[in-house]
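Here the structure comes first, spelled out in structure tokens, and everything after it is commentary.
The values are calculated or read from the model by the stated rules, or taken from the named source; none is laboratory data. Not measured: the values here are computed from a predicted model. In this analysis, Cβ positions are derived from the backbone assuming ideal geometry, glycine residues included, and neighbour counts consider all displayed protein chains.
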Amino acid sequence: MNIKNNLNSGFKGFPLTAEPCSIEDIGSRGWNVFNDDLPYPLAVLKETELEHNLRWMQAFAAERDILIAPHGKTSMSPQLFRRQLELGAWGLTFATVFQVNAGLEAGAKRVIIANQVVNDADLDALAYLLGKTPGLRIWFLVDSIAQVELIESWASRRASAQRFDCLLEVSVNGQRTGVRNAEQALALAKRIKASANLVLGGLECYEGGLAQCNSDQDSKKVGALMASLEHVAKACDKHDLFENPEIIISAGGSAVFDLVVPGLKMTLSKPVAGILRSGCYVTHDHDFYSKMLRNVEQRTGLKDSLLPALEVWTMVQSVPEPGLAILSCGKRDISYDLSLPVVAHHVPKGSPQKQAAPASWTIFALNDQHAYLRFPQDAATPQVGDKVILGISHPCTTFDKWAWMPVISDSGTVIAAISTRF
């Protein structure tokens with residue numbers, strides 16, 4: 001049994017009085033969140049919505065003849081990675097070399113590191129992983145000749161003949177990493193082709209920084225980036241700079257995934273593998289990505305799309321003055337980087353079911369361990385001992401606050417669990 005998958009009272013959210021158990025055995029405990037069997041705050045995954053999202057995004061990609069390599073940084077959960085791979089994901093994406101281990105634990109054989117690799121320790125680690133794992137392929141991003149020279153210096157000092165797979169990153173002014181124009185891109189691609197330590201497998205871009213939840217603006221900006229990507233791809237193809245039998249063309253795709261899909265299906269002299277790297281779809285959210293999704297639905301006519309699958313359950317621990325309730329959840333438990341939590345549901349004390357929270361209930365501040373809920377004094381009043389279920393904005397920064405999460409059924413029964421590797 002993998003010691004990483006053992007749970008005990010040293011894990012936040014695990015009952016102090018319960019016997020330790022493995023992740024795989026958690027469903028046998030018969031716990032139910034409505035019965036206060038687990039302490040609050042508690043981040044939970046809803047199985048029905050989770051399964052829907054996993055299957056929905058896989059089907060979305062398959063129907064458009066593209067592949068998906070979900071970004072693992074969202075959850076860093078081997079259990080979720082395994083489900084994504086079993087449903088047909090081409091591979092997994094990560095942001096760092098360290099994160100790749102969690103993907104290998106889940107059985108991944110194809111990995112994209114959607115970032116530049118530049119230091120010796122990371123190059124040592126990649127060479128080690130590739131050497132010890134039969135059939136493993138790892139592509140990382142390259143966006144400068146200076147980076148190529150660092151890799152060649154590493155190979156020379158290590159007396160290594162390792163040839164790393166890479167993708168050239170294309171971007172635009174004002175954005176994050178990536179070459180800024182076609183001339184730079186072609187010069188870099190030629191330099192990679194001349195290197196004894198790199199193999200150019202294709203191109204990559206990240207469009208997320210361009211998205212502003214304005215459909216017209218987003219369509220224009222992302223469309224221009226994808227056109228630039230195609231221009232570079234055709235120039236590299238013309239000069240025979242792609243060395244593998246199949247050319248990878250990849251984009252991010254969590255916020256505006258519909259806008260990058262057409263650009264992943266370009267025609268080149270070799271077969272093209274168009275790979276979407278969406279990550280946040282696995283649980284979606286209640287605010288930021290939910291707003292982005294409404295634009296996707298309007299642009300594409302989608303009616304059955306992603307559902308919020310991650311919630312944080314809290315208790316009302318104090319109602320110290322009219323119009324204010326204090327909840328047992330804070331910055332240590334829930335994301336707040338994009339926006340504050342959303343009040344999703346209310347469970348009155350002793351009730352076996354949740355109900356929609358009044359629209360007038362809002363979270364207006366967080367401390368390390370407390371959430372401030374404001375409510376009109378002439379409206380429904382939360383009571384000490386009630387449960388308040390909070391929706392999130394940006395799942396990545398809620399996942400990283402929990403070493404494990406229970407997976408619950410529609411009736412609140414804990415049927416499974418996931419662990420994380422942050």
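Here are the numbers for this structure:
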read-out: Any hit, region 61-70, residues being touching a residue at least 24 places away in the same chain (Cβ under 8 Å) and within 24 Å of residue 24 (Cβ to Cβ); value: yes
read-out: Boolean, residue 377 is farther than 30 Å from residue 6 by Cβ and polar (S, T, N, Q); value: yes
read-out: Matching residues, region 326-347, being within 30 Å of residue 292 (Cβ to Cβ) and in a strand (DSSP E or B); value: 327, 342, 343, 344, 345, 346, 347
read-out: Residue satisfying condition, being touching an Asp or Glu at 6+ places or on another chain (Cβ under 7 Å) and either closer than 25 Å to residue 393 by Cβ or of a type in the set (Phe, Trp, Tyr) (or both), within set 259, 167; value: 259
read-out: Residue 134 vs. criteria at negative phi and in contact with a Lys or Arg (Cβ under 8 Å, 6 or more places away or on another chain); value: no
read-out: Any hit, region 159-182, residues being part of a helix (DSSP H, G or I), charged (D, E, K, R) and out of contact with any helix residue (DSSP H, G or I) (no Cβ under 7 Å at 6 or more places or on another chain); value: no
read-out: Cross-chain or 6+ apart pairs with Cβ under 6 Å, region 139-163 first and closer than 17 Å to residue 124 by Cβ, then in a helix (DSSP H, G or I) and not hydroxyl-bearing (Ser, Thr, Tyr); value: 154/120; 154/123; 162/127
read-out: Residues of region 207-247 satisfying the condition of being part of a loop (DSSP other than H, G, I, E, B) and either touching a helix residue (DSSP H, G or I) at 6+ places or on another chain (Cβ under 9 Å) or of a type in the set (A, V, I, L, M, F, W, C) (or both); value: 207, 211, 212, 213, 214, 239, 240, 241, 242, 243
read-out: Residue selected from region 364-389 under the condition among the small types (Gly, Ala, Ser) and under 28 Å from the mean Cα position of the chain (by Cα), by the criterion farthest from residue 339 (Cα to Cα); value: 371
read-out: Index of the failed condition, residue 100 passing every other in (1) crowded, with 21+ Cβ neighbours inside 10 Å; (2) on the phi > 0 side of the Ramachandran plot; value: (2)
read-out: Qualifying position, being of a type outside the set (Gly, Ala, Ser), closer than 18 Å to residue 44 by Cβ, surrounded by fewer than 20 Cβ atoms within 10 Å (Cβ to Cβ) and assigned by TED's automatic domain parsing to the domain that holds residue 313, among 349, 354; value: 354
read-out: Search result, residues across region 142-159 that are surrounded by fewer than 15 Cβ atoms within 10 Å (Cβ to Cβ) and hydroxyl-bearing (Ser, Thr, Tyr); value: 153, 156
read-out: Failed condition for residue 208, given (1) of a type in the set (Gly, Ala, Ser); (2) modelled with pLDDT under 95; (3) farther than 26 Å from residue 97 by Cβ; value: (3)
read-out: Matching residues in region 189-205 - criterion: being of a type in the set (Gly, Ala, Ser) and in a strand (DSSP E or B); value: 201, 202
read-out: Evaluation of residue 269 against (1) in a loop (DSSP other than H, G, I, E, B); (2) within 30 Å of residue 283 (Cα to Cα) (one fails), failing number; value: (2)
read-out: Strands (runs of 3 or more DSSP E) fully within region 348-422 counting 1 or more residues that are modelled with pLDDT of 95 or more and among the β-branched types (Val, Ile, Thr); value: 362-366, 387-391, 404-408, 414-419
read-out: Criterion (surrounded by 12 or more Cβ atoms within 10 Å (Cβ to Cβ) and over 19 Å from residue 14 (Cβ atoms)) met by exactly one of 421, 374; value: 374
read-out: Region 190-220, subset among the aliphatic types (A, V, I, L, M) and under 29 Å from residue 255 (Cα atoms), residue surrounded by the most Cβ atoms within 10 Å (Cβ to Cβ); value: 203
